[in-house]
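This report refers to the structure that appears directly beneath it.
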Amino acid sequence: MLKVNNLSLMRGEQQIIQGLSFQLEQQRLFIQGEVGAGKSSLLLALMGFIPIQQGEIYLFGKRCQNEQDFAPFRGRIGLTFQQPDDQLFGPTVLDDVAFGPINQGFSKVQAYKIALEQLERLDITHLKDRPVNQLSGGQKNFTALAGVLAMQPEILLLDEPTNGLDQKNKQKLTALLRQLKLPMLIASHDLGFSAELADEVLSL
Ligand SMILES: Nc1ncnc2c1ncn2[C@@H]1O[C@H](COP(=O)(O)OP(=O)(O)OP(=O)(O)O)[C@@H](O)[C@H]1O
Ligand SMILES: [Mg+2]
């Protein structure tokens, strides 16, 4: 599904990842590493949002090197950002989640139906008419995830998905991700969450 070979990554003048190789098939693969290790940068690089210095990225068996290579796969890979504010644009929670399916060509009626289903699935239907800028951090995280799931991705890339979640909501998220049965790459500082879900751990 996703394969990385001998990848090296710089941010500014700084070398953050060197010679990294791994493969994501059906497992939930956690990325751990201290603050600034390059977890978020790795996820951005896998979407083609930041350039790599060396190595190879394969998405669905195709080597991706430039914008034209990455672009067709972005709809099939769902990324949630570490800061959900980078992802949400509203105006309301429901509009936000419907935006992806509308973009994929669904009619408005269908897109809003899909969006509502995702809100139900994440148990946030009560937030549907809320402006996204009036949500709590945890509510924003769930909204961003609903938005990504509404596009029916085949792979999930999640950046610190438990940020801002209390124990109860973390358990909700854990149960949901377990149920999804999608290949996932999850950057997380949360060792308890990782212990519950990880099939494999990659340390940066
Ligand atoms: N836009 C940028 N320009 C230049 N350097 C950046 C940029 N964004 C991040 N960096 C640097 O790249 C390094 C890796 O950052 P990154 O956000 O990938 O780490 P991380 O492992 O996700 O950290 P955290 O655990 O805090 O989320 C850090 O040293 C950071 O300062
Ligand atoms: Mg990060």
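Observations, loosely collected:
- Of all residues in region 76-102 being out of contact with any Pro (no Cβ under 8 Å at 6 or more places or on another chain), over 16 Å from residue 136 (Cα atoms) and in contact (Cβ under 8 Å) with a residue 40 or more places away in the chain, the one that is nearest to ligand 2 (Cβ to nearest atom): 79
- Residue list for region 36-57, restricted to those being of a type outside the set (A, V, I, L, M, F, W, C) and away from ligand 2 (no atom under 13 Å from the Cβ): 48, 51, 53, 54, 55, 56
- In region 33-66, residue nearest to residue 20 (Cα to Cα) [restricted to those that are among the hydroxyl-bearing types (Ser, Thr, Tyr) and within 12 Å of ligand 1 (Cβ to nearest atom)]: 41
- Selection of region 17-33 for residues being without any contact (Cβ under 8 Å) to a residue 40 or more places away in the chain and of a type outside the set (Gly, Ala, Ser) yields 18, 23.
- Of all residues in region 176-204, those that are at negative phi have Cβ atoms under 9 Å from Cβ atoms of residues that are assigned to a helix (DSSP H, G or I) and of a type in the set (Phe, Trp, Tyr), 6 or more apart or on another chain, in 186/193.
Throughout, read-outs are computed from the coordinates displayed, never taken from laboratory work. Nothing here was measured: the structure is a model prediction, and the numbers come from that model. Glycine also receives a Cβ, built like all others from the backbone with ideal geometry; neighbour counts cover every protein chain displayed.
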